[in-house]
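The values are calculated or read from the model by the stated rules, or taken from the named source; none is laboratory data. All values reported here derive from a predicted model rather than from experimental measurement. A quick note on method: Cβ atoms are made from the backbone with ideal geometry, for glycine too, and the neighbour counts reach across all protein chains shown.
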Ligand code: TRP
């Protein structure tokens, strides 16, 4: 079974080396693993919460998209899109907003930090807090739940948001799921292996500390200039250096094999000057990013290429989003006025009879179909339509010969039950265990 891995990148800055080694590089590496269906998106609605400068928003979306593509993201294989190109996200966000307790949002760390800072300054507690900031976790929940992501790789600061996402999903499932899970409950993924790079001053590399080393922007020159500003101790050339205490060495290690890093360490311990060490670090990083930088420059110069890639990504993403939103609209009661009135029983179930039942019927087109109900009345299967009722029956009796564990769900999380080369019915992955039980009870 494939695992859907999804993560978002807020588009409010220009990627630096720390972003590359800590997020972009590992995400791209994970996206090519077998069994992984990766969804990466530019969280540009989230960026609006922090930034009201339209130029910067526009520029950052472009730079971050170009960075991921230049860094080797296979946009054919993964689904790479912009949040704001998916209208189903704000739609779901509203549905979720309506089931989310305000008290849950009151507890969000980011919001509480703003309130605490205001209180410390003797300001109104909510001074400068927008509804965007307050509801931030709900938008993030919509990003994740709309695509039924199983795993969400994020930094530690996002753990609480994932917990909130699960809370909100559970509440929605409970209110509207009718015994079936409408949303997958996502797991947070924190990667301890991933490098956290020190910045120029040795603190964590971060835009807010103003200590970053640019990844592509400014070219090789800017890279070299930044590296020359890395803080070192005052040991003179010839004096042995303490590699473990040096940010230079930590940076070097993040861009080299174990053996190369060992050799660099030995040179430091033998008294290599800091100047030479910086030159070696520059050359090491430069060799790796120069080819990507060329592609980055090309992409930035041709933004229409980026736009095409993102539009294709949005179309791919909406193939998943649109059917789920349809289902959710139906579930909450936002139905077409012309749709037939709902039967008193919820769709997909019948009276609990205490027994597994097969019900045969003719559909409005005159074709023969069967439904399979669990003992509690839950509909487990609706067969495809068959012209010949005998064939429908004959293949249905062979259901038990299928190796259910070997089935691979489609991107819509449905399993096709193929018998003698014909799809007999489709079954949601979530009902597989119950289907197995029902078939055993039927003696199939
Ligand atoms: N809040 C995340 C961050 O600041 C970005 C983000 C937005 C995100 N939506 C997401 C991450 C959904 C993972 C999944 O890092």
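Being within 15 Å of the ligand (Cβ to nearest atom) and free of Cβ contacts under 8 Å to residues at least 40 places away in the same chain: is that true of residue 47 here?
Values: within 15 Å of the ligand (Cβ to nearest atom): yes; free of Cβ contacts under 8 Å to residues at least 40 places away in the same chain: yes.
In short, yes.
Can you tell me which residues in the range 129-179 are in a loop (DSSP other than H, G, I, E, B) and at pLDDT below 95? So that I can check it myself, show each step before the final result.
In the first step, residues of the range 129-179 are kept if they are in a loop (DSSP other than H, G, I, E, B); the result is 129-130, 146-150, 154-155, 177-179.
Scanning the range 129-179 gives 154, 155, 177, 178, 179.
Condition test on residue 100, is it in a loop (DSSP other than H, G, I, E, B), within 16 Å of the ligand (Cβ to nearest atom) and modelled with pLDDT of 95 or more? Please lay out each step first, then the result.
On the way: in a loop (DSSP other than H, G, I, E, B): yes; within 16 Å of the ligand (Cβ to nearest atom): yes; modelled with pLDDT of 95 or more: yes.
Yes: the conditions hold for residue 100.
When you go through (1) within 12 Å of the ligand (Cβ to nearest atom); (2) in contact with a helix residue (DSSP H, G or I) (Cβ under 9 Å, 6 or more places away or on another chain); (3) under 30 Å from residue 253 (Cα atoms); (4) in a helix (DSSP H, G or I) one by one for residue 23, which number turns out not to apply?
All conditions are met except number (2).
Do we find a residue being part of a loop (DSSP other than H, G, I, E, B) and outside the structural domain of residue 254 (by TED's automatic domain parsing) anywhere in the range 84-93? It would help to see each step written out before you state the result.
Taking the range 84-93 first, the residues part of a loop (DSSP other than H, G, I, E, B) are 86-87.
If we keep only those that are outside the structural domain of residue 254 (by TED's automatic domain parsing) as well, we get 86-87.
The answer is yes; a qualifying residue exists.
Out of everything in the range 144-202 that is at positive phi and more than 16 Å from the ligand (Cβ to nearest atom), what residue ends up being surrounded by the most Cβ atoms within 10 Å (Cβ to Cβ)? First the steps, then the outcome.
Within the range 144-202, the first condition is being at positive phi, and the residues that meet it are 148, 178-179, 202.
From the residues that got through so far, the ones that are more than 16 Å from the ligand (Cβ to nearest atom) too are 178-179, 202.
Numbers: 178: 14, 179: 13, 202: 16.
Filtering the range 144-202 for residues that are at positive phi and more than 16 Å from the ligand (Cβ to nearest atom), the one surrounded by the most Cβ atoms within 10 Å (Cβ to Cβ) comes out as 202.
I'm told residue 132 meets every condition in (1) farther than 20 Å from residue 19 by Cα; (2) more than 20 Å from the chain's Cα centre (by Cα); (3) away from the ligand (no atom under 15 Å from the Cβ); (4) exposed (fewer than 15 other Cβ atoms within 10 Å of the Cβ) except one. Can you identify the failing condition by its number?
Tallying (1) farther than 20 Å from residue 19 by Cα; (2) more than 20 Å from the chain's Cα centre (by Cα); (3) away from the ligand (no atom under 15 Å from the Cβ); (4) exposed (fewer than 15 other Cβ atoms within 10 Å of the Cβ), residue 132 fails exactly one: (3).
Report whether or not residue 18 is touching a residue at least 40 places away in the same chain (Cβ under 8 Å), within 14 Å of the ligand (Cβ to nearest atom) and not in a loop (DSSP other than H, G, I, E, B).
Numbers: touching a residue at least 40 places away in the same chain (Cβ under 8 Å): yes; within 14 Å of the ligand (Cβ to nearest atom): yes; not in a loop (DSSP other than H, G, I, E, B): yes.
Yes.
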